[in-house]
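Each remark here refers to the structure printed beneath this line.
The values are calculated or read from the model by the stated rules, or taken from the named source; none is laboratory data. Keep in mind the model is a prediction, meaning the values are calculated, not measured. Here Cβ is always computed from backbone atoms with ideal geometry, including for glycine, and neighbour counts include all displayed protein chains.
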Amino acid sequence: MPQGATRRTLLQGALAGLAAGGLTACGAPPLILPKSAVTGTPARGGTLHIARPAASAAETLDSASSLSAYEYLGAIYNRLVKLDVKGKTVPDLATEWSSNSDATQWTFTLRAGVSFHNGKPLTAADVRYTIAHILDPDTASPQAGTLSTMFGPKDVEAVDDRTVRFRLKTPNAEFPSLLTAYQCYIIPEGSAKTIGKTGIGTGPFRLESYRAAGAGAVVANEDYFDGRPVLDRIEFFSIQDTSARVNALLSSQVDLLAQTNMDNATARVVTGSRGTTVARVPNAQWYTIPMLATSKEFQDPLVRRAMKLAYDSDTLLQTAIQGTGSGGWDNPVPPNLEARLPGHRPYDPEQARALLKKAGKDGLRIPIYTSAYEPNLTPIAVAYAEQVRKAGIDLTITSVSSDSYYTAVWMKKPLMVSYWYTGRPVDQLLNQIFRSGSSYNESGLSDKRLDEVLDAARADTNEQSRRAKYQDAQQMIVDNGADMTPIFGDRIVGLSDRVVNYQEYGFEFDYVNIGLKASSS
Amino acid sequence: MIYVARRLLASVVTLFLASFFVFFAVQALPGDVAEQLLGQNATPEAVATLRAQLGLDQSVWVRYFDWLSSAVHGDLGTSLVSGESVAETLSTAFGHTLLIAIPAMIIGVTISVLLGVWAAARRGTKVDNTVSVLTLITMSIPEFVVATVLIIVFAIVIPIFPAVVLQGPSATFSDLLPALWLPIVTLVISMVAYIIRSTRSSTIDGLTTEYATAAELKGVKRRVVLFKHVLPTAMLPVLPVISINVAWLLGGVVVTETVFNYPGLGKLMIDSVSTRDLPVLQAIALLSACVYVLVNLAADLLALLLDPRQRTSRRRSSRPRPKPALEAKTSEVPT
């Protein structure tokens, strides 16, 4: 998910906590949260009600925009390619793709017989138009930065109706994975001006109504190329306040809470209440502790190394989020991706202490910034501060208003806790967050050697050795990087117990198979 | 009449000052609207361009007088975020707020004045004690707790009312109708205590006056003494308490509206703060200021009607306005 969409000011009332108090009295909820949603055969048809926080009153159905109404996108559009659970690029509108020998030319073949919701058949011209729209500076698409370094709008060619060719300036063997971003949904040629309201795509649902930051509905697309979806209809509602969203679920007004990572106490209330339950999206939240490499505290690599050796990710996982996730050990690649480097760095507070002494920074004392922006940031800050105390590091927890957290603290203060959503393909993840000078490089570290390894990986057309290079890059980030990854957290999603086959990972939501149990059961 | 003219003039000056403070307070909010709109990976050039487009690069005084003169003509500008007319957005939200505020006001004032008089008339009895304890309890419970308890009981455990409004700003009256009741009850509960307590204490004062005693000794029925002789005078110190509560209700009740996801003025305010939608924010603050000034003016004029002394003694003492009772809930003024 776009960070912009979740980075919202919410009234962080004690409501959920109160609700917890109110309901736990009625019966002790189970201590163990269900791992995944119920699977089974859903009843055909039905209407699913989804509550979501709106990105802003300026949100749009144009997926290329930084203010897209995210939940609608997967229901109404398709991309050329998408990612599977393990991070592999798999077909969506393109059925096959191939490159020339040095990976500078990529040719995609489109699925036959696909039509947009307005009846117009999908052709290569639509793909070319969509890519040009994403690259258009006026669109200000978050994905433009990644794509525009490799090619311009003129480098996309519609070879024939069903063939598109991209000519890249530099070799990139991972290029298709960069088109899996949720900004790359394919829209009809010439629709850039209207797509934000019409939402005409090729997806499993057609847009019925939509109002920015309000309510909207989509209905099943009977002609969907991958078979008609189970549900007849999905209704979306905007509820900004997290507690109000949870109340809407508890009172059965909605069936699913999108983009809502519930804190543990609320999750227990929801699990323990009649008619509602939770599902976990494994490792969906990637928590980071960026050390600002340009600050006087962390310009020294010895200090950065000490800050890592001083803590144990697995213990932090237990303390901060009751084990609902995985230890990160400062490797930013999520554990479910095949490309993750196996094993992890040591935990050695004694060596951390020695390193600090060597750097002349023993007894390091600085604030660590946190905010109620996301429920787990503060628990992580507290758990981290507690652990590094053993290495003689004294951190003061400093909580600031969630309003200005990402404008006044992020990339400005030497030490803070932040998060991203996982779901980026490995190449994009490493290049976007860790390459020197990238606008998302939150630690501000420039490492020319890392950039070279990343370039070499892109140019390598052999899958085995390319993966080895990406793993080298991970090792460099673990050893020398300035952006720590303490843990990956499961996103805890509240849903009605009537919902079956809910599946979500990365930026993928399975809108085709999700359904409702027959109401008699 | 001079008094009325003077009050009107004072109101205009107050509004002018309010507009001044509103504008500059909003300017002082942390965060830059251009950065906010463009998101975290905005380039400095893009931010500069947008600032120029929005006129943010002009002098703050120029912007203030431009804004004020169009506001006087009813043009509140367009929202920086949605691009819609601020006046339209604001009137929709204000309409929704009125839907809960007016019933809450009517029910709340009626109940609390009656209960206050009743408790005063039965001073020291069980009735009085019960009312006192209940008002103390409701005074000490914050409204978001009241709202949450109501939701748990009447929306989750016994599902008769919806917990939240789902449709957002485009909600129609029939969408809102079932969802109105819990917010109304929440508002009534959080406002009555103050009015009950001030009504009770000033009615007790009224009952001990010589004219009340004289009336009673003459054999006038107690009910008549209470409602005809005591209450009009006793209402004088209560009026400011009522007016502050009414202004608070009309100005948008942020917490209650947020808990119920109710698309009124308070929720619009919260959303505009988080998106740094300055034109909307300024317009809301200005509207709230107007509401406060108008309601207070109305209360003063009503006091004038109720109190013959204020009409005759005008020439000597300048403005003997009734002092707000101690319970005035200043803490509830939306900020």
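The sole residue among B:GLY266, B:GLY252 that is modelled with pLDDT under 90, within 24 Å of B:ALA163 (Cα to Cα) and either small (Gly, Ala, Ser) or not in a helix (DSSP H, G or I) (or both) is B:GLY252. Has the range A:291-306 got at least one residue that is touching a His at 6+ places or on another chain (Cβ under 9 Å) and in contact (Cβ under 8 Å) with a residue 12 or more places away in the chain? No, the range A:291-306 contains no residue that is touching a His at 6+ places or on another chain (Cβ under 9 Å) and in contact (Cβ under 8 Å) with a residue 12 or more places away in the chain.
Within the range B:144-159, the set of residues being more than 8 Å from every other protein chain (Cβ to nearest Cβ) and either without any contact (Cβ under 8 Å) to a residue 24 or more places away in the chain or closer than 17 Å to A:GLY275 by Cβ (or both) comprises B:VAL153, B:PHE154, B:VAL157, B:ILE158. When we screen B:ILE195, B:ILE137 for residues that are more than 14 Å from every other protein chain (Cβ to nearest Cβ) and either touching a helix residue (DSSP H, G or I) at 6+ places or on another chain (Cβ under 8 Å) or among the aromatic types (Phe, Trp, Tyr) (or both), the only hit is B:ILE195.
Looking at the range A:380-398, can you tell me whether even one residue there is within 14 Å of chain B (Cβ to nearest Cβ), within 30 Å of A:ARG491 (Cα to Cα), surrounded by fewer than 18 Cβ atoms within 10 Å (Cβ to Cβ) and not hydrophobic (A, V, I, L, M, F, W, C)? No, the conditions are met nowhere in the range A:380-398. Find the residue count for the range A:399-420, including only residues that are outside any helix (DSSP H, G or I) and of a type in the set (D, E, K, R). Here the count works out to 2.
For the criterion of being assigned to a loop (DSSP other than H, G, I, E, B) and either surrounded by 21 or more Cβ atoms within 10 Å (Cβ to Cβ) or modelled with pLDDT of 90 or more (or both), B:ARG321 fails. The number of residues in the range A:95-106 being touching a strand residue (DSSP E or B) at 6+ places or on another chain (Cβ under 7 Å) and either at positive phi or free of Cβ contacts under 8 Å to residues at least 60 places away in the same chain (or both) comes to 3. Taken over the range B:235-264, the residue count meeting the criterion of being of a type in the set (S, T, N, Q) and farther than 15 Å from B:ALA93 by Cα is 2. Kindly indicate whether any position in the range A:257-268 is surrounded by fewer than 22 Cβ atoms within 10 Å (Cβ to Cβ) and free of Cβ contacts under 8 Å to residues at least 12 places away in the same chain. No, because not a single residue in the range A:257-268 is surrounded by fewer than 22 Cβ atoms within 10 Å (Cβ to Cβ) and free of Cβ contacts under 8 Å to residues at least 12 places away in the same chain. Select from the range B:160-172 the residues that are more than 15 Å from A:GLN240 (Cβ to Cβ) and modelled with pLDDT of 90 or more and write down the one among them that is nearest to the other protein chains (Cβ to nearest Cβ). Checking each candidate, the answer is B:PRO162. The residue list A:PRO334, A:PRO342 contains one member that is closer than 29 Å to A:MET262 by Cβ, part of a loop (DSSP other than H, G, I, E, B), assigned by TED's automatic domain parsing to the domain that holds A:LEU429 and of a type outside the set (Phe, Trp, Tyr), which is A:PRO334. Screening the range A:169-257 for helices (runs of 4 or more DSSP H) wholly inside it with 3 or more residues that are in the same structural domain as A:THR41 (by TED's automatic domain parsing) returns the ranges A:242-250. Considering only residues in the range A:425-442 that are in contact with a helix residue (DSSP H, G or I) (Cβ under 8 Å, 6 or more places away or on another chain) and small (Gly, Ala, Ser), the one that is surrounded by the most Cβ atoms within 10 Å (Cβ to Cβ) turns out to be A:SER438. Residues that are surrounded by 22 or more Cβ atoms within 10 Å (Cβ to Cβ) and acidic (Asp, Glu) within the range A:470-489 comprise just one, A:ASP483. Of the residues making up the range B:69-98, those that are assigned to a helix (DSSP H, G or I), of a type in the set (A, V, I, L, M) and buried (at least 17 other Cβ atoms within 10 Å of the Cβ) number 4. No other residue among B:ALA234, B:ALA193, B:ALA212 is closer than 30 Å to B:LEU265 by Cβ and assigned by TED's automatic domain parsing to the domain that holds B:HIS96 apart from B:ALA193. When B:GLN36, B:GLN58 are checked against the criterion of being buried (at least 17 other Cβ atoms within 10 Å of the Cβ) and modelled with pLDDT under 85, B:GLN36 stands alone in meeting it.
What about B:SER190, is it at pLDDT 90 or above, in a helix (DSSP H, G or I), more than 13 Å from every other protein chain (Cβ to nearest Cβ) and out of contact with any strand residue (DSSP E or B) (no Cβ under 7 Å at 6 or more places or on another chain)? Spelling it out, it is not the case that B:SER190 is at pLDDT 90 or above, in a helix (DSSP H, G or I), more than 13 Å from every other protein chain (Cβ to nearest Cβ) and out of contact with any strand residue (DSSP E or B) (no Cβ under 7 Å at 6 or more places or on another chain).
When A:ALA212, A:ALA181 are screened for being over 29 Å from A:GLN464 (Cβ atoms), touching a residue at least 12 places away in the same chain (Cβ under 8 Å) and surrounded by 20 or more Cβ atoms within 10 Å (Cβ to Cβ), only A:ALA212 passes. State all residues of the range A:205-240 that are more than 9 Å from chain B (Cβ to nearest Cβ) and among the acidic types (Asp, Glu); if no residue qualifies, say none. Passing the criteria: A:GLU208, A:GLU222, A:ASP223, A:ASP226, A:ASP232.
Of the helices (runs of 4 or more DSSP H) lying entirely inside the range A:61-152, those containing at least 3 residues that are under 20 Å from A:TYR421 (Cβ atoms) and modelled with pLDDT of 90 or more are A:70-76.
Could you give me the residue pairs with C-beta distances under 9 Å whose first residue belongs to the range A:422-448 and is more than 21 Å from A:TYR182 (Cβ to Cβ) and without any contact (Cβ under 8 Å) to a residue 40 or more places away in the chain, whose second residue is among the hydroxyl-bearing types (Ser, Thr, Tyr) and assigned to a helix (DSSP H, G or I) wherever it lies, and which are 6+ apart or on separate chains? Matching pairs, first to second residue: none at all.
Any residue in the range B:227-247 that is charged (D, E, K, R) and touching a residue at least 12 places away in the same chain (Cβ under 8 Å)? No, that holds for no residue. Do we find a residue being under 24 Å from the mean Cα position of the chain (by Cα), within 14 Å of another protein chain (Cβ to nearest Cβ) and over 30 Å from A:ARG467 (Cα atoms) anywhere in the range A:416-424? There is at least one residue in the range A:416-424 that is under 24 Å from the mean Cα position of the chain (by Cα), within 14 Å of another protein chain (Cβ to nearest Cβ) and over 30 Å from A:ARG467 (Cα atoms).
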